[in-house]
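Input: a single structure, listed below in structure tokens.
The values are calculated or read from the model by the stated rules, or taken from the named source; none is laboratory data. Keep in mind the model is a prediction, meaning the values are calculated, not measured. Cβ atoms come from the backbone with ideal geometry, glycine included; neighbour counts cover every protein chain shown. In case anyone asks, the SASA skips ligands and DNA or RNA and just uses the protein heavy atoms, side chains included. Shrake-Rupley method; radii C 1.70, N 1.55, O 1.52, S 1.80 Å.
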Amino acid sequence: MSSHIKKTRNLLNTRLGFFILATVLFWIKTYIAYRTEFTLGAKGTVQQILLFVNPIPALILIFGLALYFRGRLFYWVLMLLHLIESIWLFANILYYREFSDFLSFGIIKGSGDVQNNLGKSLAEILHPSDFFVFVDFVILVVLLIFKVIQVDRRKFKFRNAFALTILSFVLIFSEYGVANANRSGLLTRTFDNNYIVKYLGLNEYAAFNAYQTAKESATRSNAKSSDIDSVLNFVKKNRSAINPEYFGKAKGKNVFVIHLESFQQFLINYKVDGKEVTPNLNKFYKNKNTISFDNFYHQVSQGKTSDAEMMMENSLYGLPQGSAMVTYGTQNTYQAAPAILDQKGYTTASFHGDVPSFWNRDNTYKSWGYQYFFDSDYYQEKPSYSVGYGLKDKIFFKDSVKYIQQLPQPFYAKLITLTNHYPYELDKPNVSFPATKTGDNTVDPYVQTAHYLDQAFGEFIKYLNKTGLMKNSMIVLYGDHYGISNNHRAAIAQLLHKKEITDYDLAQFQKVPFMIHADDLKGGINHTYGGEIDALPTILHLLGIKDNNTVQFGNDLLSKKRDQTVAFRNGDLVSPKYTVIGSNVYLTKTGKEITPNDEQSKEIKKLQNHVNKELSMSDRVILGDLLRFYNPKGFKKVNKKDFNYKYSYAMKALKDSDNKSKKTLLDKIHKKDTEKLYKTDAPELKK
Ligand code: GP9
Ligand code: MN
């Protein structure tokens, strides 16, 4: 036994031994922080194992640097790196406690207005126990000072130090390989900082974030203020005239934007075993006061939901790779729907039953000017309440009412649903619809979660009717993107009752619902061709806001004369006449593939040029942060500092604004809590 201790002491008295001790202590400490300070949501064995081991490779790399130094310098360098690493962990623990997200370099270097008011409330956030993060540092220092561990003056071979560096890279890349197999697109699609920490670790996250921030500031600093001029010329030409029949028809009303997750247009009026999948949405679609578009396409790329949000509320395209909300959401200047409406007297709020960091919403929404973001921290959570990414739709809608009724009117409220999300899981008690029988397991349950979403929507509509909100609100519905990806051709063919699926069919399969309802609106099915990029101008005109100045790449779908070319993010396009997929051309009306004659070629070339230009112009706006150079008349630049999405802060703000002006639903119906009027059959809420 004593020889064992002696051996260990001998080892610790070597440089390698000291390096191992420091690494192991830091590893344990990080893992404890992972488990106790962050909500990383590691599910399943692979993620659990990755979470456990992921601190090691980067620690070998970073602490291993010290081994290149001679003499006492090794100890100094190692302890310095240790201290920096500890401070990084410490800072993240504090930041996470306040913002449920990890620190990003964009925030740290942030030009004043994006600093998230760091520091202000530090005293409130800090717990004395947080200093545990420095315990191992102190231990190591004490051991050295009191010579419990002897300083080893012998040289550590360069060859060995180098071998350790190589080993760390091998481990980092293997770890990335396993992570990417578990979550494909981890770094290319960049979903959520939590994911990167969960899979790769806090240091890898820092490196990746530094890379992203550098890339972002490079494109930003390359841009000149005059770059905005060509953009302004382009969007000016594109703007369509208002349609007096619709302009201002919903003026002064509240706006509900309901985001139907992964919801495709083909589901409307679709039947399985003779039963409608979405009876409530179908009824809404046909309602005489609903304008329903049946040639409306999603235009998203890798950023999926975040691309949809970007287009719907900014009339700017997402980027060809990754998510613009993640990379360019925190720092960029925007002229988004919430900001425009805020400046017209609206209260603005987004509701979503997932963590705030997903798609970087917690930062991007500030840039867009959202006053409130009711994320999963605002909802009661129980294991049975959630599936997949978060709160089940029925519970989400019901529990949102608590906040809706406190919003001063008129308000702009966006509710982002979640349950109808790949892989379309739902627990038995909530399944009340037959799956399709294509034999493709990813496709078949899609109609079941879509049916569930429809029921949730139906319950919400009932509430709106009961409370009178329906009368003074405009309801906008949209599907954000496909639910069934193009990889499922055989199943899609079966669903559409077709023998074979062509590229043309797949393009048309990208249609999603877009419906606008208000009590005195002239409804009907509108066949104009358009997409998510066109939502904002359409909505603004209905609200009577003639916005000729902010930068928008879409145009009002209700305008009588408008460009109906729909750009997909990869440059493919659909117009009323042609559908162009790569080099293949189809007639949109019939789906017939053609070899264009000269005249057709000319027309197609014109369409294609327009689409290419539109996409690249939009990219320039985002990559160069061009809106920072442009102060349109009638629009005030958003000050991100004005916003704080922490629960206690929001509750106080709601109370304060209520004291100032009695304009909430709660006031209107004499302090009666409207939650009681909400009826849901959600099995989780049954007593
Ligand atoms: C997560 C949700 C899903 O918060 O919005 O995003 P998606 O995977 O559809 O892009
Ligand atoms: Mn989505």
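Figures for the structure shown
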read-out	value
Lys251 paired with Met651, simple spin-label distance in nm, labels 7 Å along Cα-to-beta-carbon	4.0
Positive-end extreme of charge dipole, the chain - chosen from Leu666, Phe460, His527 (charges on Cβ)	Leu666
In nm, spacing of pseudo-spin labels at Tyr68 and Lys283 (7 Å Cα→C-beta vector)	7.0
Charge dipole magnitude, Cβ of K and R +1, D and E -1 - segment 2-219, Cα centre, debye nearest 20	1280
Cα gyration tensor category, rounded, prolate or oblate, for the chain with a/c compared to 1.5	prolate
Neighbourhood charge, 11 Å Cβ-Cβ cut-off, centred on Phe234 and excluding it, Lys, Arg +1 and Asp, Glu -1	+3
Segment 276-368: chymotrypsin sites (Phe, Trp or Tyr not before Pro) in DSSP coil with no more than 15 other Cβ atoms inside 10 Å	none
Test item: Cα-centred dipole of segment 6-132, Lys/Arg +1 and Asp/Glu -1 on Cβ, debye	840
Gyration tensor verdict on segment 2-219 (Cα atoms; rounded if a/c is under 1.5, prolate if a/b is larger than b/c, oblate otherwise)	prolate
Relative contact order [Cα under 8 Å, 6+ residues apart], the chain, whole percent	19
Sequence ranges 51-58, 265-272, 222-229, ranked by mean other-Cβ count within 10 angstrom, highest first	51-58, 265-272, 222-229
Principal axis dimensions, largest first and in whole angstrom, of segment 488-578 by Cα	47, 32, 21
Whole-number accessible area per residue in Å² for segment 2-219, which is evaluated in the context of all protein chains at 1.4 Å	50
Mean ellipticity per residue at 222 nm, deg cm²/dmol - from DSSP H runs of n ≥ 4 across the chain, formula -39500 (n - 2.57)	-13500 deg cm²/dmol
Cα lying deepest toward the dipole's positive end in segment 2-219, options Thr219, Leu78, Gly44, charges on Cβ	Leu78
Neighbour cut-off at most 15 other Cβ (10 Å), DSSP loop, trypsin sites (Lys or Arg not before Pro), segment 161-204	none
Centroid-to-centroid separation of segment 143-211 and segment 550-608 [C-alpha atoms, Å]	48
Relative contact order of segment 2-219, pairs being alpha-carbon contacts under 8 Å that are 6 or more residues apart, as %	33
Tilt relative to the chain, helix 393-404 - C-alpha long axis, 0 to 90 degrees, to 10	90
Positive-end extreme of charge dipole, the chain - chosen from Asn486, Leu12, Asn203 (charges on Cβ)	Leu12
Rounded to the nearest 20 debye, dipole of the chain from Cβ charges on Lys, Arg, Asp, Glu	1140
Within the accessible area of the chain (1.4 Å probe), percent carbon and sulfur	58
Segments 81-92, 409-420 sorted - mean Cβ within 10 Å per residue, highest first	409-420, 81-92
Three-way shape call for segment 340-417 based on the alpha-carbon gyration tensor, with the a/c threshold at 1.5	oblate
Cleavage-rule hits, chymotrypsin sites (Phe, Trp or Tyr not before Pro), segment 137-228, DSSP coil, Cβ neighbours within 10 Å at most 15	Phe146
Principal-axis tilt of helix 73-99 within the chain, Cα atoms, nearest 10 degrees	30
